[in-house]
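Working notes, beginning with the structure itself.
Coordinate-derived values only; no laboratory data. None of the values given here were measured: they were computed from a predicted structure. FYI the Cβ positions are ideal-geometry reconstructions off the backbone, even for glycines, and counts take in every protein chain you see.
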């Protein structure tokens, strides 16, 4: 049998475990051109919160009683596609389930000799690519600029800061625990960081840590911490909007200070993006990222929930509340 | 004697006439390389409001008792620069005064055979150039896109809409009186427009007038009308921040709905700019704009205060409150 997590109800505010159901269905069989995969690691990511709302996000929403969307690191257990053999490890968008059928065309193989396969959902997967293209292509980061990253200990933010260091920049991050702050400074090499739950005056903190202002702000969080960035931007500053996790679980939308006047005085730019826009360049970026990883220039951390498919909702909720350092995964099965 | 308007006090909220002084000083004499000019038309522009605050805008502020900054259309009455003759008409940044000395280098000559010289402060001057570079270079407007312009009957907005029509776009504008709405639709050829003081639901209005969404929003105004643009942006929409006149005269900063999440779902961009960034391309743009004017593809309107230098503060305040259609000028003297 195949166990799946489906959407039971649309959450108001933070999702609850009761917003999800665990259901059992028969394991499906692949048709020609398809493969059957067994999930090894399931990825839970902030973007999923937007996809379980009633209002459309950037892509179709999950319907009630549908399997939760998402991508997994999986092993092929049956193949009707010439490019894939039983035992191959792939990144497949089958959602939150133990087994799934996927079209072989477009399926990304994971090379287990480069790094542990779990990285295919993290630093060498969507979050790593999001950091790479967001910072370099949307943020147009230049050597020796100053960078501020919110959500800096998360799967994306932690990579953003490290790539900025590779590019010779001064990097400051914000995160929600002292442990995270220590991790990104001591382990990842951020120049400085602060715990936004402890600091009360973000504006003053940014002026202290980045006294010459911010060239590139990589925003995973939104809300009050983003508000203070605008007056601290440098001329021609860029604000990369990657996520707004502080806003996803509000029962009532927030208001905030108007800041667009700063865009004129700073001749600044704000731009949102999706990593899928750069799909034709993902492979090349992964080569570069793998090399940085091999050289020790990139490091990563994973927070792995070991409770199987039934623990995916709890892991998702924990991640939305900042319970993770680095990439949040759910271990579903051992690799064969 | 030379009469000048100086800054008497920093306004709280809308400026008052008492925030300015009228003073008399001797007419200055030009040194080598300089010219003495007599002001014909004085230009009052929204950007000046930001320059009389205590906090720095994008350039140095006017100090108390300093002559108000600004550019004028002026005639040369004495020249110590080889490129300028007595009688030549120029655009000079001498501020609010009847006479002034300016360096000849970099001074822009106005050709009175192309159009009335007043246009050198309007459609063939800074406002026209702001519209041109903001829409085409920052907004990257493409043929047949949809455009929304706030402050559409002003010196900049009225040109934005007409350039968008030249480029084959659908253009909707907002303005603050029925007369302005009629002017931009009937005279300037906007596809539609609405009076933001009459319409109560801007979101609904935009959905009605631009049902397929907005490719480029050219923002002169900010505030509540800008708030509703973000959910109405099309994928890859661009928001050009040119001005935020609704915010300049607030005694207390406003808050508004947070909207950055839309930047991700729409993969959209917001960018502020100053026309001075494109200084090396102004001359070429003026050639193109002059040709459009000659062909009747561009039209303009001027609101001219005839009361001389002493009426400049009143004209400035009136313009900030939306009293003008098209470019607001103050007539200072007749041309010789």
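If you take the square roots of the eigenvalues of the alpha-carbon gyration tensor of region A:24-128 and sort them as a ≥ b ≥ c, do you get rounded (a/c under 1.5), prolate (a/b over b/c) or oblate? Note, shape of region A:24-128 comes out oblate. Take each residue in B:253-259, count the other chain C-beta atoms within 10 Å of its C-beta, and the mean is 6. Between A:307, A:222, A:100, the residue with the greatest mean-square fluctuation in the GNM of chain A (Cα pairs under 10 Å linked by springs) is A:307.
How shielded is B:271-278 by partner chains, expressed as the average number of their Cβ atoms within 10 Å of its Cβ atoms? Write out the running numbers ahead of the final one.
On the way: counts 8, 13, 5, 4, 0, 1, 2, 0.
Other-chain Cβ atoms within 10 Å of each residue's Cβ, averaged: 4.
Among A:299, A:197, B:331, the ranking by other beta carbons within 10 Å of each residue's beta carbon, starting with the fewest, stands as A:197, A:299, B:331.
As I understand it, the value is the acute angle between the Cα axis of helix B:282-294 and the longest principal axis of the Cα atoms of chain B; what does it come to in degrees, rounded to 10? Computed tilt is about 80 degrees. Summary for residue A:85: label point 7 Å along Cα→Cβ; distances to the equivalent points in the other copies, ascending, 8.8 nm.
If you average 1/r over every pair of different alpha-carbon atoms in region A:75-156 and take one over that average, what Kirkwood value in Å do you get? Mind dumping the intermediate values first?
Numbers: mean 1/r = 0.0666 Å⁻¹.
15.0 Å is the Kirkwood radius here.
Could you give the angle, 0 to 90 degrees to the nearest 10, between helix B:157-166's Cα long axis and the longest principal axis of the Cα atoms of chain B? Taking the Cα atoms of chain B, the angle to B:157-166 is about 60 degrees. Label sites at residue B:137 and residue B:255, each approximated as a point 7 angstrom past Cα along Cα to Cβ, lie 3.8 nm apart.
Take every DSSP beta bridge whose two residues both sit in chain B; close to 55 percent of them are antiparallel.
Could you tell me the distance between the Cα centroids of region B:192-207 and region A:97-168, to the nearest Å? Here the answer is 43 Å between Cα centres.
Listed by Cβ neighbour count within 10 Å, with the fewest neighbours leading, A:318, A:43, A:246 appear as A:318, A:246, A:43. Within 10 Å of the Cβ of each residue in B:237-245, the mean number of Cβ atoms contributed by other protein chains is 3. The antiparallel fraction among DSSP beta bridges confined to the protein assembly as shown stands at about 55%. Helical runs (DSSP H, four residues minimum) scored at -39500 (n - 2.57) apiece and divided by the length of chain B put the mean residue ellipticity at 222 nm at -5500 deg cm²/dmol.
To the nearest 0.05, how large is the calculated FRET efficiency for residue B:203 and residue A:235 if R₀ is 41 Å and r is the Cβ-Cβ distance?
0.75
Where does each of A:215, B:65 land when they are ranked from fewest to most other beta-carbon atoms within 10 angstrom?
Details: A:215 25, B:65 10.
Arranged by neighbour count, lowest to highest, A:215, B:65 become B:65, A:215.
In this rough spin-label picture, where each label sits 7 Å from Cα along the Cβ direction, the residue B:277-residue B:86 distance is 4.4 nm.
Rounded, prolate or oblate: pick one for region B:126-275, where a ≥ b ≥ c are the square roots of the eigenvalues of its C-alpha gyration tensor, a/c under 1.5 means rounded, and failing that, prolate if a/b is larger than b/c, else oblate. The shape class here is rounded. Distances, shortest first, from the label point of residue B:295 to those at the same position in the other copies read 5.3 nm; the point lies 7 Å along Cα to C-beta.
Rounded if a/c is under 1.5, else prolate if a/b beats b/c, else oblate: with a ≥ b ≥ c from the C-alpha gyration tensor eigenvalues square-rooted, which is region A:165-233? Here region A:165-233 falls in the oblate category. Label separation (residue A:304 vs residue A:291): 2.9 nm, computed from points 7 Å beyond Cα along the C-beta direction. Distances between copies of residue A:204, taken at a point 7 Å out from Cα along the Cα→Cβ vector and listed shortest first: 4.6 nm. With a Förster radius of 35 Å applied to the C-beta separation of residue A:77 and residue A:314, the computed FRET efficiency comes to 0.85.
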